[in-house]
1. Could you grab me the full set of residues in region 106-147 that are assigned to a strand (DSSP E or B), charged (D, E, K, R) and at pLDDT 95 or above?
2. Would you tally the residues in region 103-114 being under 13 Å from residue 34 (Cα atoms) and out of contact with any helix residue (DSSP H, G or I) (no Cβ under 7 Å at 6 or more places or on another chain)?
3. Within region 17-40, which residues are in contact with a Pro (Cβ under 9 Å, 6 or more places away or on another chain), surrounded by 20 or more Cβ atoms within 10 Å (Cβ to Cβ) and not charged (D, E, K, R)?
Amino acid sequence: MRILVQRVKEASVQVEGRITGQIGPGFLVFLGISREDGRPQAERLAKKLLGLRIFPDEEGKTNLSLQDVGGQLLLVSQFTLYADCSKGYRPSFFQAAGGPEAEALYEYFIALCRAGCPVVQTGVFGAHMEVALINDGPFTIFWEENP
């Protein structure tokens with residue numbers, strides 16, 4: 001699993017002109033799921049995400065987590081995080097998990113996050129989405145949880 005986390009002042013996602021998720025201060029998270037991923041990766045990644053300390057404390061040091069500041073989450077599925085551009089100019093998405101498997105793991109990841117964060121909003125799996133955000137920092141982190 002791969003995630004791209006952006007610390008935001010606010011973020012929203014629209015599908016066909018309708019807002020499906022909207023948050024105030026917190027994290028906008030793009031989640032990519034590979035063919036080899038399973039629940040163990042989702043569990044480790046959700047725990048890491050909820051404990052990630054990238055909010056400033058009273059001294060301005062990035063020392064506070066989403067939970068510490070009462071932040072919110074906007075989770076968006078993003079299979080393109082598994083784009084392979086090593087050959088030619090057209091990306092390959094061979095490593096990305098297929099629809100039903102990826103959607104089930106995406107829903108599981110959402111449930112894990114909701115257990116630790118009171119406000120979790122989402123995009124729509126597999127839909128064409130328009131994402132808007134006000135990046136805070138900007139502060140962007142990418143990481144991968146391998147099987």
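1. 130, 136
2. Qualifying residue count for the region: 3.
3. Within region 17-40, just 34 meets the criteria.
The values are calculated or read from the model by the stated rules, or taken from the named source; none is laboratory data. None of these values were measured; they are calculated from a predicted model. Heads up, the Cβs are rebuilt from the backbone with ideal geometry, glycines too, and the neighbour counts pull from every protein chain shown.
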